[in-house]
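Before any comments, here is the structure.
Only the coordinates and a few stated rules stand behind these numbers; no lab work does. None of the values given here were measured: they were computed from a predicted structure. All Cβ positions, even for glycine, are placed from backbone atoms using ideal geometry, and neighbour counts span all protein chains on display.
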Number of protein chains: 2
Amino acid sequence: MAPTPIQENLVTSNQTYASSFKDGHLALPPAKKYAVVTCMDARIDPAAAYGISLGDAHVIRNAGGNARDALRSLVISEQLLGTQEILLIKHTGCGMLTFKNEDAAGLVRKNLGEEAVGELAAFAGDFQPFAELDEAVKTDVAFLKASKLIPETVTISGWVYEVETGKVRSVV
Amino acid sequence: MAPTPIQENLVTSNQTYASSFKDGHLALPPAKKYAVVTCMDARIDPAAAYGISLGDAHVIRNAGGNARDALRSLVISEQLLGTQEILLIKHTGCGMLTFKNEDAAGLVRKNLGEEAVGELAAFAGDFQPFAELDEAVKTDVAFLKASKLIPETVTISGWVYEVETGKVRSVV
């Protein structure tokens with residue numbers, strides 16, 4: 001099958017990147033021993049906006065910068081790869097502020113049918129939307145602090161990134 | 001509490017980033033209508049290595065670049081934000097190649113106790129390790145293609161990123 005424009009862009013951009021690549025020596029465990037949980041949002045470039053150099057930190061991204069979704073990855077990050085700090089960073093203008101579970105399920109039913117609705121059980125039908133940004137940051141940090149899977153020695157802080165200004169502010 | 005060095009780095013680096021930020025106009029839906037699923041590994045900078053400009057694509061990252069973990073985010077990406085293509089990119093030297101579920105559960109038991117082991121139920125005790133890289137890419141692409149939650153109109157391709165060379169190669 002002919003490559004799509006998006007696949008062509010991946011290949012072409014990557015050739016340029018690889019041609020000057022000099023970081024093949026970096027070790028598997030993050031050098032600065034921390035993990036960032038943030039949103040998949042297209043307007044966020046974590047390396048640039050959060051000052052993460054190559055090799056320094058695990059970067060976990062999902063819809064909403066959701067802590068529950070990140071739990072498996074965080075346990076691996078800490079228990080197997082030695083990270084000791086978590087930055088949880090949600091953002092303004094997040095898509096998760098714009099809908100409720102029943103809206104998303106309704107779209108799935110309308111566009112993909114009942115069989116697809118059944119598959120939502122894979123994540124308990126919970127898309128993890130939220131109604132208030134700072135509150136959601138606090139809730140997620142509290143969830144991680146309460147989890148026995150994250151030892152108390154791990155420092156956890158919560159932040160908001162503003163897609164309008166590029167600025168990060170501390171929440172908790 | 002005094003900020004940690006990692007929190008200080010976030011704040012300081014971000015001040016520099018925000019001081020020349022000019023992308024506050026970007027829209028919520030990804031301009032190029034695609035989503036990338038890749039690993040949280042510290043040695044991967046998706047924007048640079050995969051040629052993703054700010055605003056163009058959702059970037060979902062977790063331990064292993066795992067499709068199952070990414071499902072909630074992908075449904076939101078497609079049903080609510082209009083993406084129509086998925087690039088799934090795993091990588092050489094992945095931590096997920098280095099352990100089995102029982103190893104990880106054993107570490108949790110030893111370091112965090114039985115109560116923590118109980119919490120592994122949140123992800124069915126499955127850390128999603130894999131034994132063979134290209135095979136894992138194929139399995140994950142097949143999983144997404146089989147899911148009724150991803151319409152057949154969505155183009156899905158699978159790739160491997162080489163952390164030693166910075167190169168991407170096509171798998172499926």
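Once every DSSP H run of n ≥ 4 in chain B is given -39500 (n - 2.57) and the sum is divided by its residues, what mean residue ellipticity at 222 nm do you get, rounded to the nearest 500 deg cm²/dmol?
Numbers: 6 runs with 64 residues, N = 172.
Helices in chain B give a 222 nm mean residue ellipticity of -11000 deg cm²/dmol.
Using a Gaussian network model of chain A in which every pair of alpha carbons under 10 angstrom is joined by a spring, one finds that among A:V137, A:V108, A:V160 the greatest mean-square fluctuation is at A:V108. In terms of other Cβ atoms within 10 Å, A:R72, B:R68, B:R109 run from fewest to most in the order B:R109, B:R68, A:R72.
I need the trypsin sites (Lys or Arg not before Pro) found in the range A:21-63, filtered to DSSP loop residues with at most 13 other beta carbons within 10 Å of theirs.
A:K22
Across the cross-link table entries B:K32/B:K138; A:K167/B:K145; A:K138/B:K32; B:K110/B:K167; A:K138/B:K90; A:K100/B:K33, which are compared at the Cα atoms, the separations over 30 Å belong to A:K167/B:K145; A:K138/B:K32; B:K110/B:K167; A:K138/B:K90. Shape verdict for the protein assembly as shown, please, from the Cα gyration tensor: rounded (a/c under 1.5), prolate (a/b greater than b/c) or oblate. The shape class here is rounded. Using a Gaussian network model of chain B in which every pair of alpha carbons under 10 angstrom is joined by a spring, one finds that among B:G93, B:G118, B:G65 the greatest mean-square fluctuation is at B:G118. The mean sequence distance of close C-alpha pairs (under 8 Å, at least 6 residues apart), as a share of the length of chain B, puts its relative contact order at 22 percent.
Classify the range A:1-150 from the C-alpha gyration tensor, please: rounded if a/c falls under 1.5, else prolate or oblate depending on whether a/b exceeds b/c. Provide the component values of the computation, followed by the final result.
On the way: a/c = 1.95, a/b = 1.20, b/c = 1.63.
In terms of gyration-tensor shape, oblate.
Distance between the pseudo-spin-label points of B:E152 and B:H25 (7 Å out from Cα toward the beta carbon): 4.1 nm.
Where in chain A is the longest stretch that carries no GluC sites (Glu not before Pro) classed as loop by DSSP and with at most 13 other Cβ atoms within 10 Å? Mind dumping the intermediate values first?
Details: sites that count: A:E132, A:E152.
Longest site-free region, per DSSP loop and neighbour criteria: A:1-131.
Take A:E132, move 7 Å from Cα toward the beta carbon, and the resulting point lies 5.3 nm from the same point in each other copy, nearest first.
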